[in-house]
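Engineer: What follows is a single structure, and I will ask about it in a moment.
The values are calculated or read from the model by the stated rules, or taken from the named source; none is laboratory data. All of these numbers come straight from a predicted model, not from anything done at the bench. Using ideal geometry, Cβ is built from the backbone for each residue, glycine included, and neighbour counts are taken over all protein chains shown. The protein model used for the area step is the full one, side chains on, heavy atoms only, and it has no ligands, DNA or RNA in it. Shrake-Rupley method; radii C 1.70, N 1.55, O 1.52, S 1.80 Å.
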Amino acid sequence: LPVRDRVAHAHWKARVECYDAIAQRCARARAMEDDADVVAFGDCAVKACADGNAAALDAGLDAVRAMLTIADVSYAEKVAEDMLGNLTTKGLGGRPKAAERATECCMLLIELEQCDAVLDALLKASLNRIPKLALAATNAVLMAVTSFGTPKVVPASAILKGLAPLFDAKDAKVRSTAKDITVEMTKWLGAQA
């Protein structure tokens, strides 16, 4: 079966096999264009980020992560918003392994110059009513600031706008992470900022 049909297959085990095969092909390729199946998966990678089965979601996020390591900026621009919508709702709200993989995908999208889109999606998700999702999104923002710094890669103004509501969050862990984000931004910007 072609990749497009395997990704949309009704049986979750068939989807997992497809995702595993794509992850292996991405490990061998230097660029997306080197493998026709990887290019075909790139067109339906957004679906892999929203798989309804938890095991298939884990494998799908692995495949997306592997694909993003060899993707280029033009591909990221094309799929970032749709992919981030699924990464934040399904990935960050899923099992711990899925949340970790979704966070890694977000960091790879930042590396592919999609920082504004990533921050918008993560800050929206950090206001979600589901505490697990809000905490995972807030931790992802902290990871972005810690890994990439501000203001050159991660714009401080976008974070500052979304940071104020986090201090009023019901979850104490979200409030604590908001403090950590503030401390990390102060390290990068200096005390005068």
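Engineer: Of all residues in segment 1-59, how many are under 20 Å from LYS97 (Cα atoms) and either among the aromatic types (Phe, Trp, Tyr) or touching a strand residue (DSSP E or B) at 6+ places or on another chain (Cβ under 6 Å) (or both)?
Structural biologist: Residues in segment 1-59 being under 20 Å from LYS97 (Cα atoms) and either among the aromatic types (Phe, Trp, Tyr) or touching a strand residue (DSSP E or B) at 6+ places or on another chain (Cβ under 6 Å) (or both): 2 in total.
Engineer: Quick one: count up the residues across segment 15-31 that are surrounded by fewer than 16 Cβ atoms within 10 Å (Cβ to Cβ) and either charged (D, E, K, R) or under 12 Å from ASN53 (Cα atoms) (or both).
Structural biologist: Going through segment 15-31 one residue at a time, the tally reaches 4.
Engineer: Could you identify the single residue in VAL38, VAL73 that is touching a Leu at 6+ places or on another chain (Cβ under 9 Å) and touching a residue at least 24 places away in the same chain (Cβ under 8 Å)?
Structural biologist: That would be VAL73, the only listed residue that is touching a Leu at 6+ places or on another chain (Cβ under 9 Å) and touching a residue at least 24 places away in the same chain (Cβ under 8 Å).
Engineer: Still on this structure: Which of the residues belonging to segment 94-110 are in a helix (DSSP H, G or I) and over 15 Å from TYR75 (Cα atoms)?
Structural biologist: PRO96, LYS97, ALA98, ALA99, GLU100, ARG101, ALA102, THR103, GLU104, MET107
Engineer: Output the number of the condition that ALA66 fails; it satisfies all remaining conditions of (1) outside any helix (DSSP H, G or I); (2) within 27 Å of ALA137 (Cα to Cα).
Structural biologist: Single failed check for ALA66: (1).
Here's the yes/no breakdown for (1) more than 22 Å from TYR75 (Cα to Cα); (2) touching a strand residue (DSSP E or B) at 6+ places or on another chain (Cβ under 8 Å); (3) not polar (S, T, N, Q):
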| site | (1), (2), (3) |
| --- | --- |
| LEU112 | no, no, yes |
| ALA121 | no, no, yes |
| SER126 | yes, no, no |
| ALA144 | no, no, yes |
| LEU163 | yes, no, yes |
| PHE167 | yes, no, yes |
| THR177 | yes, no, no |
| MET185 | yes, no, yes |
| LEU189 | yes, no, yes |
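Engineer: Quick one: count up the residues across segment 71-103 that are among the charged types (D, E, K, R), open to solvent by 60 Å² or more (accessible area, probe 1.4 Å) and more than 15 Å from GLY42 (Cα to Cα).
Structural biologist: Qualifying residue count for the region: 4.
Engineer: Moving to a separate point now. Can you name every residue in segment 109-134 that is surrounded by 22 or more Cβ atoms within 10 Å (Cβ to Cβ) and over 20 Å from VAL46 (Cα atoms)?
Structural biologist: Answer for segment 109-134, where residues must be surrounded by 22 or more Cβ atoms within 10 Å (Cβ to Cβ) and over 20 Å from VAL46 (Cα atoms): SER126, ALA134.
Engineer: Does ALA164 satisfy the criteria of being without any contact (Cβ under 8 Å) to a residue 40 or more places away in the chain, out of contact with any Ser or Thr (no Cβ under 9 Å at 6 or more places or on another chain) and either aromatic (Phe, Trp, Tyr) or surrounded by 21 or more Cβ atoms within 10 Å (Cβ to Cβ) (or both)?
Structural biologist: no
Engineer: Which residues, counting only those in segment 139-161, are among the β-branched types (Val, Ile, Thr), open to solvent by less than 30 Å² (accessible area, probe 1.4 Å) and in a helix (DSSP H, G or I)?
Structural biologist: Within segment 139-161, VAL141, VAL145, ILE159 meet the criteria.
Engineer: A further question follows. Taking segment 32-46 on its own, how many of its residues are within 20 Å of the chain's Cα centre (by Cα) and either open to solvent by 30 Å² or more (accessible area, probe 1.4 Å) or of a type in the set (D, E, K, R) (or both)?
Structural biologist: 3
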